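Chemist: This structure is in structure tokens; I'll ask about it shortly.
Coordinate-derived values only; no laboratory data. Quantities reported herein were computed from a predicted structural model and do not represent experimental measurements. Please note: Cβ atoms are built from the backbone with ideal geometry, for glycine as well, and neighbour counts cover all protein chains shown.
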Ligand code: ADP
Ligand code: F6P
């Protein structure tokens, strides 16, 4: 193998740049040329690429976002779009691909692998940590720490004013960010897309806290929870209870930016080297995952077929500790 392509796709995540740096430098170390494909599959179809050498990735290990930009590309969902992309890869002389993204991006990679025999390896890059086949995705650790810091700040003002705050964190399909940042931030309750919960139960919990001496509360709401986010939930609580003067904070895309944590930088660095060496070894249609301390390869399809379900015991921990 003499030439590989590299792209970031789907939602960006802190640590994607560290992964780009690792792939470029590991490839160069092994005498392989790297072409960066800009804006994910969109750039593969439209032909926006740039050559990447070790000095092109200097200083990016500490930067959030992705220097290759990212995009969601509807054209790639169609066979014609993928044909155009595969023809471009052949024209550019690209023999293998590293795709950094979430399970949607992997489904695209799987199709390139199956329909055109293109050698693809996936690196898990998403703040949601909702990909099967790996304990952690690149970006999750940074995102939960960003959310936790935001919760800490809100708690200061909530406590000062004896208020209830509803804090919405990201996660349309996955409550992992909500669960972990909620426990780390000492939340009174956490609402997740994966768990049914009634507004009445939440109100009971708020009353219980008040009876045990609490004068303020923090409720973490994953954006994908069944009530449609923090704003809708806060409205329901205020309509159905005495808790009318509550406040809402949507952390939103703040969680996607910022300098990656040490954990994400190291995870991305390890995974980047592993991905390049997997391509050299002739692997394809696989993703890099981590289990315990060890990296491994597993089928790309594990990402969506064996989606990570976090330990629901964590919610009990949150409830036990919020008395
Ligand atoms: P993520 O990778 O973060 O899950 P998306 O689900 O938005 O993000 O997917 C990123 C891109 O991957 C999509 O815009 C599309 O171009 C491609 N993609 C997603 N699903 C498929 C699919 N089933 N087949 C082909 N390409 C796909
Ligand atoms: O998948 C990452 C993620 O940040 C989700 O948590 C969130 O629901 C979604 O992307 C937001 O996407 P967009 O940036 O397109 O609004």
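Chemist: When 56, 264 are ordered from fewest to most other Cβ atoms inside 10 Å of their Cβ, what list results?
Modeler: 56, 264
Chemist: Return, ordered by residue number, the residues of the range 260-280 whose backbone nitrogen is under 19 Å from a label point located 7 Å along Cα→Cβ of residue 2.
Modeler: So the set is 279-280.
Chemist: Moving on. Does the range 141-256 come out rounded, prolate or oblate by the C-alpha gyration tensor, with a ≥ b ≥ c the root eigenvalues, rounded set by a/c under 1.5 and, if not, prolate when a/b is larger than b/c and oblate if not?
Modeler: Here the range 141-256 falls in the oblate category.
Chemist: Taking the chain as a Gaussian network, Cα atoms linked when under 10 Å apart, which of 116, 76, 310 shows the biggest mean-square fluctuation?
Modeler: Highest fluctuation of the listed residues: 116.
Chemist: Under a 10 Å cutoff between Cα atoms, tell me which one of 62, 181, 212 has the largest fluctuation in the Gaussian network model of the chain.
Modeler: Ranking 62, 181, 212 by mean-square fluctuation puts 212 first.
Chemist: Applying a 10 Å radius around every beta-carbon, put 155-165, 94-104 in order of their mean neighbour count, most first.
Modeler: Peptide ranking by packing, descending: 94-104, 155-165.
Chemist: What's the ranking of 106-115, 140-149 by average number of surrounding C-beta atoms within 10 Å, highest first?
Modeler: 140-149, 106-115
Chemist: Right, something else. Give the calculated FRET efficiency between residue 320 and residue 58 to the nearest 0.05, with a Förster radius of 45 Å applied to their Cβ-Cβ distance.
Modeler: Working: r = 48 Å, r/R0 = 1.06.
Plugging the Cβ-Cβ distance into 1/(1 + (r/R0)^6) gives 0.40.
Chemist: Oh, and also: Over the chain, with a Gaussian network built from C-alpha contacts below 10 Å, which listed residue (44, 179, 236) shows the highest mean-square fluctuation?
Modeler: 236
Chemist: Now for a different question. For the range 141-256, what is the relative contact order in percent, using Cα pairs closer than 8 Å and at least 6 residues apart in sequence?
Modeler: Computed value for the range 141-256: 39 percent relative contact order.
Chemist: How high is the FRET efficiency from residue 311 to residue 156, r the C-beta distance, R0 41 Å, rounded to 0.05?
Modeler: Working: r = 30 Å, r/R0 = 0.73.
According to the calculation, E is roughly 0.85.
Chemist: Give me 91, 235 sorted ascending by neighbouring Cβ count inside 10 Å, so fewest comes first. Mind dumping the intermediate values first?
Modeler: Values: 91 9, 235 15.
So the residues, fewest neighbours to most, are 91, 235.
Chemist: Rank by packing, highest mean first: peptides 298-309, 267-278, with packing defined as the count of other Cβ atoms within 10 Å averaged across residues.
Modeler: 267-278, 298-309
Chemist: Could you tell me which of rounded, prolate or oblate describes the range 1-62, using a ≥ b ≥ c as the square roots of the eigenvalues of the alpha-carbon gyration tensor, with rounded for a/c under 1.5 and, failing that, prolate when a/b is larger than b/c and oblate otherwise?
Modeler: Oblate, since a/c reaches 1.5 and b/c is not below a/b.
Chemist: Full extension from residue 254 to residue 270: what is 0.36 nm times the residue separation minus their Cα-Cα distance, to one decimal in nm?
Modeler: Working: separation 16, 0.36 × 16 = 5.76 nm, distance 2.58 nm.
Full-extension gain reported as 3.2 nm.
Chemist: Could you tell me the center-to-center distance, by alpha carbons, between the range 204-229 and the range 7-79 in angstrom?
Modeler: Taking the Cα centre of the range 7-79 as reference, the centre of the range 204-229 is 41 Å away.
Chemist: Which order do 51, 322 fall in if you start with the one that has the fewest other Cβ atoms within 10 Å?
Modeler: 51, 322
Chemist: Sticking with this structure for a sec: Run the paramagnetic zone check for residue 215: 7 angstrom along Cα to Cβ, then residues of the range 149-169 with backbone nitrogen under 16 Å.
Modeler: Under cut-off, by backbone N: 155-165.
Chemist: Could I ask something else about it? Going by a ≥ b ≥ c, the root eigenvalues of the Cα gyration tensor, does the range 1-120 fall in the rounded group (a/c under 1.5), the prolate group (a/b larger than b/c) or the oblate group?
Modeler: On the way: a/c = 1.93, a/b = 1.30, b/c = 1.48.
Oblate, because a/c is 1.5 or more while a/b does not exceed b/c.
Chemist: Could you give the distance between the Cα centres of the range 282-316 and the range 108-126, to the whole Å?
Modeler: Using only Cα atoms, the two centres lie 16 Å from each other.
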